[in-house]
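Here's the structure we're looking at; comments come further down.
The values are calculated or read from the model by the stated rules, or taken from the named source; none is laboratory data. Predicted, not measured: the structure shown is a model, and the values here were computed from it. Cβ placement follows ideal geometry from the backbone for every residue including glycine, while neighbour counts extend to all protein chains displayed. These area figures cover heavy atoms from the full protein model, side chains too; ligands, DNA and RNA do not enter into them. Shrake-Rupley method; radii C 1.70, N 1.55, O 1.52, S 1.80 Å.
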Amino acid sequence: MRTLDLDSLHIFRAVVAEGGVVRAAARLNRVQSNVTTRIRQLEEKLGVALFRREGRGLRLTAEGEKLLPYAERLLRLAEEATLAMRSGLPLGQFRLGALESTAGVRLPPLLALYHARFPNVTVELSTGSTGQLLNRLLKFEIDAAFVSEPFSAPELEALPVFIEELALVAPIGASLADATQLARRTIIAFSQGCSYRRRLEEWLAAEKISPERVLEFASYQAMAACVAAGTGVAVMPRSVLRDLSAIEQVATHDLPPHIAANRTHLVWRAPSSPAVEALLSLLRSEAADVPPRPSFLAAG
């Protein structure tokens, strides 16, 4: 079986980034014929065409699109291995994803501690819904992510790390004696893929309740403001509510225990990188010097 060499993947990635052989050759300080030959040899080794010509440039074929994330991952792992062998500590870039609520409330003290202990790691934090983050992780676009239940990702490793208490947020004075009264309400939520929204929808479905409509927003601040204006109701973590300026303009209601208690997990692909292992060591450490508000859970 023929194996892929990292140099060919490096050239392949450069051609993708530059959109053609000429600019890639200049970037790599190679002659154009060498770049062309290496791409042709890579295609012969794989038995597929990786590029198709469009005008004066090149565009990836479907097979090239499939190879690119693997090339990115292999090159990143090679770089991480080289840096780790030289220093014995995690180094380089760490692409971390998180829910907006987790990023805003839970991560600042944790990432401050991470930076203090591993100053040579550059953390690039991006936010999204659970569904979006899992998709990005499976496509090798990020290295790990904090996501919330419910989710299904058998291809990934997972560690439960935080417990969030969810609450129903409603306009002040709204009558919500029981769940049936939500049938006449507008639900305010993030877009599809949000695990908290899924929790709410599963609860309402179990109660045979169909809300009047759903309005989608991109931030908790906007959602809280909309609730305060009387437009509808939302489900949010209480940890987020404490930090919102609109908290005094809304009322919070308890949810059923099986809905209210929600776990956040760190998920990653195996084998884990040194940067992910460093984060796991902090999350698993009982002596982690992190303020008590983030409730850490044991693995399992």
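Taking the empirical scaling 2.2 N^0.38 Å for compact globular proteins as reference, the range 74-133 has a Cα radius of gyration ratio of 1.28. Within the chain, the ratio Rg/Rh, alpha carbon atoms throughout and Rh by Kirkwood, equals 1.08.
When the accessible area of the chain is computed with all protein chains present and a 1.4 Å probe, what percentage of it is carbon and sulfur? Looking at the chain in its full context, I get 52 percent from C and S. The residues of the chain expose, per residue, 51 Å² of accessible area to a 1.4 Å probe.
Given contacts defined as C-alpha pairs under 8 Å and at least six residues apart, what's the relative contact order of the range 83-203, whole-number percent? Answer for the range 83-203 is 28 percent. Extending 7 Å from Cα along the Cβ direction at R184 and again at D7 yields two label points whose distance is 7.5 nm.
Relative contact order of the chain, taken over Cα pairs closer than 8 Å and 6 or more residues apart, is 21 percent.
For A261, the residues whose amide H sits under 5 Å from its own are L166, ignoring neighbours fewer than 5 places away on the same chain, with H placed 1.01 Å from N. Would you list which lysines come within 24 Å of K45, measuring only between C-alpha atoms, while excluding same-chain residues fewer than 8 positions from it? Straight-line reach from K45, under 24 Å: K66, K139.
Length gained on full extension, R76 to E216: 46.8 nm, using 0.36 nm per residue less the C-alpha separation. Pick out, in residue order, every one of the trypsin sites (Lys or Arg not before Pro) in the range 1-61 that is DSSP loop and has at most 12 other C-beta atoms within 10 Å; say none if there are none. For trypsin sites (Lys or Arg not before Pro) across the range 1-61 that sit outside H, G, I, E and B with at most 12 neighbouring Cβ atoms in 10 Å, the list reads R2, R56. The mean sequence separation of alpha-carbon pairs under 8 Å and at least six residues apart, normalised by the residue count of the range 100-168, gives a relative contact order of 24 percent.
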